[in-house]
Amino acid sequence: QVQLVESGGGLVQAGGSLRLSCAASGLAFSTYVMAWFRQAPGKEREFVAAIRWSAPVYAASVKDRFTISRDNGKNAVFLEMNSLKPEDTALYYCAAELSTLLNTRVASYDYWGQGTQVTVSS
């Protein structure tokens, strides 16, 4: 049974930083593309970042502010978020896909966590 469990969300002021973590179990972690998505109230879920081995992919809205990384020894993926803005407020989801491509579509991903809330105040 695959489980993805996110943590690290919270309330932060604009300009601040947060580090999200996602602990994975029940899958051959190193073979999966791992990604972060987010969903703000009333909006569709959107791609944030994805990583497999190297050269991660980022959404334009977070590039140069967010950094995705993974630790295959710990079956974990992380999202370091800096220079946070109120528009980054959303429920952040960890997702996994067995693929050789870094997909940005929600429908491409096989497994999802329950999400961790990030709220950025102005």
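The values are calculated or read from the model by the stated rules, or taken from the named source; none is laboratory data. Just so it is clear, the structure is predicted and the values come from calculations on it, not from any experiment. FYI the Cβ positions are ideal-geometry reconstructions off the backbone, even for glycines, and counts take in every protein chain you see. These area figures cover heavy atoms from the full protein model, side chains too; ligands, DNA and RNA do not enter into them. Shrake-Rupley method; radii C 1.70, N 1.55, O 1.52, S 1.80 Å.
Percent of accessible area on region 2-75 owned by carbon and sulfur, 1.4 Å probe?
49 percent
Students sometimes get this wrong: rank S122, S25 by accessible area, probe 1.4 Å, all chains present, largest first.
Ranking S122, S25 by accessible area, largest first, yields S122, S25.
Mind putting a number on the dipole of the chain about its Cα centre? Charges go on the C-beta only, +1 for Lys and Arg and -1 for Asp and Glu, and I need it in Debye to the nearest 20.
For the chain, the charge dipole is close to 100 debye.
With every protein chain kept in the model, how would you rank D64, D110 by accessible area, 1.4 Å probe, largest at the top?
D64, D110
Report the local net charge at S83: Lys and Arg +1, Asp and Glu -1, summed over other residues whose C-beta lies under 15 Å from its C-beta.
Combined, the nearby Lys, Arg, Asp and Glu give 0.
Say each of S7 and K74 gets a label point 7 Å from the Cα, pointing the same way as Cα to Cβ; how far apart are those two points in nm?
1.0 nm
Average the reciprocal distances over every distinct pair of alpha-carbons in region 47-108, invert the result, and give the Kirkwood radius in Å.
Final number for the Kirkwood radius of region 47-108 is 12.6 Å.
Please work out the C-alpha center-to-center distance from region 88-111 to region 1-73 and express it in whole Å.
First find each Cα centre; the distance between them is then 8 Å.
Quick one: accessible surface of V12, probe radius 1.4 Å, all protein chains present, in square angstrom to the nearest 10.
20 Å²
Taking the Cα atoms of the chain, report the difference between the largest and smallest coordinate on each principal axis, in whole Å and largest first.
Principal-axis extents of the Cα atoms in the chain, largest first: 40, 26, 23 Å.
Might you work out the accessible area of I68 for me, using a 1.4 Å probe with all protein chains in place, and round it to the nearest 10 Å²?
10 Å²
Could you state the accessible area per residue of region 1-49 in Å², with a 1.4 Å probe and every protein chain left in place?
50 Å²
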